[in-house]
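The structure under discussion appears below in the form of structure tokens.
The values are calculated or read from the model by the stated rules, or taken from the named source; none is laboratory data. Nothing here was measured: the structure is a model prediction, and the numbers come from that model. Glycine also receives a Cβ, built like all others from the backbone with ideal geometry; neighbour counts cover every protein chain displayed.
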Amino acid sequence: MPPFPFTAIVAQEEMKRALLIAAVDPSIGGVLIFGDRGTGKSTAVRALAALLPKIRAVAGCPYSCSPESPPEACPHCAGQRGPGRDGNKVKTHLIPVPVVDLPLGATEDRVVGALDLERALMRGEKAFEPGLLARANRGFLYIDEANLLEDHLVDLLLDVAASGVNTVEREGLSLRHPARFVLVGSGNPEEGELRPQLLDRFGLACEVTTPTEIATRIEVVRRRDAYERDGEAFCAAQGKVEKALQKTILSARERLGDVSVPDAVLENAARLCVALGTDGLRGELTLMRTARALAALEGADTVTLAHLRQVAPSALRHRLRRNPLDESGSTARVARAVEEVLGPG
Ligand SMILES: [Zn+2]
């Protein structure tokens, strides 16, 4: 059965917007989604990947390299250099945008890859067995309950996500391979917290809740039921809307570099971060990039304060320092700062 269509997901607007923004500009650095179980977080990631057009990859490359990317960046493709490559004759195939699940309790070997023991023992060859990071290249890496993952693994994932390269230096192996992916982590704040240093390295954070409005709940149940009874028909009926959103994402990616960010927007982004006391400049940078990606999605040429206002909660709520004198939640604190700095919306 095809995955549940992205455009058929009811409500959860903030989560959907954050995922779309990350798909337009992966350099924003991933999305952390807080919320109850069963709010469709993993469904949404799968749905978004399925919505994107298939990608062309070098056949046989475990990292799914694009035929256009420089072969020397990949241990597999570097070995295939020759007349075939320049003559554009390297064999390629179309593959769906990968979505890789990082299971809880995954070992570092499984994540980064390890020495292929079988080949080492049987044939005395030092070969690399690629891990989950290899499979996630050019796609999405989904960590369910990121807050239950060991800190050093989260750290490692954030490093790779930021650099787009997995560097392996262990067991006598020394190699680098491309690992460019959008990191999406889910978390349940009641079950352990991420260290603040890790938290603020995620680009965006959003909150999802089970809808309380009766009409919304009815719509969720109605669509889920229709999908489960006849998935093919349900997806076919959604086809046109899905295609339209796919076009929106692709053209947003194209126009992203041409969207201008006026000084007034940067100034207000800085004032927001000062008002909230966020550490460093990461907050402003993310705020700017997120607002720009949103403008690109909306087909605008220029980022406005309205864009800034819309993205401020997801770009900033996970960067606030604890304030013992202020017990209100982070979302409320961001909303208050937005109103102080930008005026009532
Ligand atoms: Zn390759």
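I need the full set of residues from segment 168-183 which are more than 14 Å from GLY203 (Cα to Cα) and within 16 Å of the ligand (Cβ to nearest atom), in order please.
Across segment 168-183, the qualifying residues are VAL168, LEU175, ARG176, HIS177, PRO178, ALA179, ARG180.
Which one of these is among the acidic types (Asp, Glu), within 16 Å of the ligand (Cβ to nearest atom) and more than 24 Å from GLY29 (Cβ to Cβ): GLU129, GLU213?
Exactly one residue qualifies, and that residue is GLU129.
Keeping to segment 245-302, report how many residues are within 20 Å of GLU339 (Cβ to Cβ) and more than 18 Å from the chain's Cα centre (by Cα).
Residues in segment 245-302 being within 20 Å of GLU339 (Cβ to Cβ) and more than 18 Å from the chain's Cα centre (by Cα): 16 in total.
Taking the criterion of being part of a loop (DSSP other than H, G, I, E, B), surrounded by 21 or more Cβ atoms within 10 Å (Cβ to Cβ) and touching a residue at least 24 places away in the same chain (Cβ under 8 Å), would at least one residue in segment 277-287 satisfy it?
Checked segment 277-287: at least one residue is part of a loop (DSSP other than H, G, I, E, B), surrounded by 21 or more Cβ atoms within 10 Å (Cβ to Cβ) and touching a residue at least 24 places away in the same chain (Cβ under 8 Å).
Of the conditions (1) farther than 17 Å from VAL168 by Cα; (2) buried (at least 21 other Cβ atoms within 10 Å of the Cβ); (3) aliphatic (A, V, I, L, M); (4) in contact (Cβ under 8 Å) with a residue 60 or more places away in the chain, VAL100 fails just one. Which one is it?
Checking VAL100 against (1) farther than 17 Å from VAL168 by Cα; (2) buried (at least 21 other Cβ atoms within 10 Å of the Cβ); (3) aliphatic (A, V, I, L, M); (4) in contact (Cβ under 8 Å) with a residue 60 or more places away in the chain, the one that fails is (2).
In segment 103-128, how many residues are over 13 Å from ASN166 (Cα atoms), among the acidic types (Asp, Glu) and in contact (Cβ under 8 Å) with a residue 12 or more places away in the chain?
Counting residues in segment 103-128 that are over 13 Å from ASN166 (Cα atoms), among the acidic types (Asp, Glu) and in contact (Cβ under 8 Å) with a residue 12 or more places away in the chain gives 1.
THR7 is checked against (1) of a type outside the set (A, V, I, L, M); (2) free of Cβ contacts under 8 Å to residues at least 60 places away in the same chain; (3) part of a helix (DSSP H, G or I) and fails just one. What number does that condition carry?
(2)
Of the numbered conditions (1) surrounded by 19 or more Cβ atoms within 10 Å (Cβ to Cβ); (2) away from the ligand (no atom under 16 Å from the Cβ), THR107 satisfies every one except a single condition; which is it?
(1)
What number goes with the only condition from (1) assigned to a loop (DSSP other than H, G, I, E, B); (2) touching a Phe, Trp or Tyr at 6+ places or on another chain (Cβ under 7 Å) that HIS318 does not pass?
Unmet for HIS318, out of (1) assigned to a loop (DSSP other than H, G, I, E, B); (2) touching a Phe, Trp or Tyr at 6+ places or on another chain (Cβ under 7 Å): (1).
Report whether or not LYS89 is basic (Lys, Arg), under 23 Å from VAL311 (Cα atoms) and either more than 13 Å from the ligand (Cβ to nearest atom) or at pLDDT 95 or above (or both).
no
Just to be sure before I move on: is ARG321 out of contact with any Cys (no Cβ under 7 Å at 6 or more places or on another chain), at pLDDT below 95 and either crowded, with 17+ Cβ neighbours inside 10 Å or closer than 18 Å to LEU32 by Cα (or both) in the structure I sent?
So ARG321 fits the description; yes.
Please work out which residue is surrounded by the fewest Cβ atoms within 10 Å (Cβ to Cβ), limiting yourself to segment 1-55 and to residues that are among the hydroxyl-bearing types (Ser, Thr, Tyr) and touching an Asp or Glu at 6+ places or on another chain (Cβ under 8 Å).
SER42
Restricting the search to segment 110-139, which residues are part of a helix (DSSP H, G or I) and either out of contact with any Leu (no Cβ under 8 Å at 6 or more places or on another chain) or not assigned by TED's automatic domain parsing to the domain that holds LYS41 (or both)?
The answer is LEU117, GLU118, ARG119, ALA120, LEU121, MET122, ARG123, ALA134, ARG135, ALA136.
State yes or no: is ARG17 among the basic types (Lys, Arg) and within 15 Å of ALA293 (Cα to Cα)?
It is true that ARG17 is among the basic types (Lys, Arg) and within 15 Å of ALA293 (Cα to Cα).
Does segment 140-158 contain any residue that is surrounded by 15 or more Cβ atoms within 10 Å (Cβ to Cβ) and within 16 Å of the ligand (Cβ to nearest atom)?
Scanning segment 140-158, I find no residue that is surrounded by 15 or more Cβ atoms within 10 Å (Cβ to Cβ) and within 16 Å of the ligand (Cβ to nearest atom), so the answer is no.
So which helices (runs of 4 or more DSSP H) are wholly in segment 10-79 and hold at least 2 residues that are more than 16 Å from the ligand (Cβ to nearest atom) and hydrophobic (A, V, I, L, M, F, W, C)?
Correct list: 13-24, 41-51.
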